[in-house]
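Inspection log for the structure reproduced underneath, given as structure tokens.
The values are calculated or read from the model by the stated rules, or taken from the named source; none is laboratory data. Keep in mind that this is a model prediction, so the values were computed, not measured. Note: ideal-geometry Cβ built from the backbone for every residue, glycine included; neighbour counts use all protein chains shown.
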Amino acid sequence: MTPRADRSPEAWLRALTRFVRVIPHTRELGLEVLTADAEAVRMRLPWCDDLLGDASRGLVHGGVLTMLLDTACGSAVLRGLPAPEVCPTLDLRVDHFRPAVAGLALHAEARVVGVTASVVFTEGTLWQEEGKPVARGIGNFVRLGPRNTPPGFAEALFADEHDEESRDA
């Protein structure tokens, strides 16, 4: 598979959009990948009533925040490695700063802060209003390596790129 340095941010945007559309709950909730450049991945979860955890007070369920941080950080892992490989979540710590409230989309930004032979270290932030973080996540992902990554994983992620190359040939 072609290393990440040979992929454009647009190709990564399409690949990570494909990734979040394969996960049933992120697809059903309409999670959008906004950017996927070398520095960070940004996502947006549009508001819907299914996000409520406390309907009487209009507060988003904490599990939604955890899911969004896990998905954003996991996407940053794919973007941050030399080639995509399966990296399950090893642990995820979520610090809640303020409640997320009904009616506003949730935004996420995640980045890789370190990579070793066995672990990828990430951090992510959630907000509804710019400059007012709702939560922060510190996620660690175990590297399974090429041997334990299913054959064709990276190719499936970038399938539309291969389709376009075939059409252009």
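Does the stretch 6-33 hold any residues that are outside any loop (DSSP other than H, G, I, E, B) and either in contact (Cβ under 8 Å) with a residue 40 or more places away in the chain or at positive phi (or both), and which are they? Across the stretch 6-33, the qualifying residues are Ala11, Trp12, Arg14, Ala15, Leu16, Arg18, Phe19, Val20, His25, Thr26, Val33.
Counting residues in the stretch 162-169 that are surrounded by 14 or more Cβ atoms within 10 Å (Cβ to Cβ) and within 22 Å of Leu16 (Cβ to Cβ) gives zero.
Against the numbered list (1) part of a strand (DSSP E or B); (2) more than 19 Å from His96 (Cβ to Cβ), Ala38 comes up short only at (1). Inspection of the stretch 144-155 identifies no residue that is within 23 Å of Asp37 (Cβ to Cβ), in contact (Cβ under 8 Å) with a residue 24 or more places away in the chain, surrounded by 13 or more Cβ atoms within 10 Å (Cβ to Cβ) and in contact with a Leu (Cβ under 8 Å, 6 or more places away or on another chain). Based on what the data block shows, is Cys87 modelled with pLDDT of 95 or more, buried (at least 19 other Cβ atoms within 10 Å of the Cβ) and not in a helix (DSSP H, G or I)? It is true that Cys87 is modelled with pLDDT of 95 or more, buried (at least 19 other Cβ atoms within 10 Å of the Cβ) and not in a helix (DSSP H, G or I).
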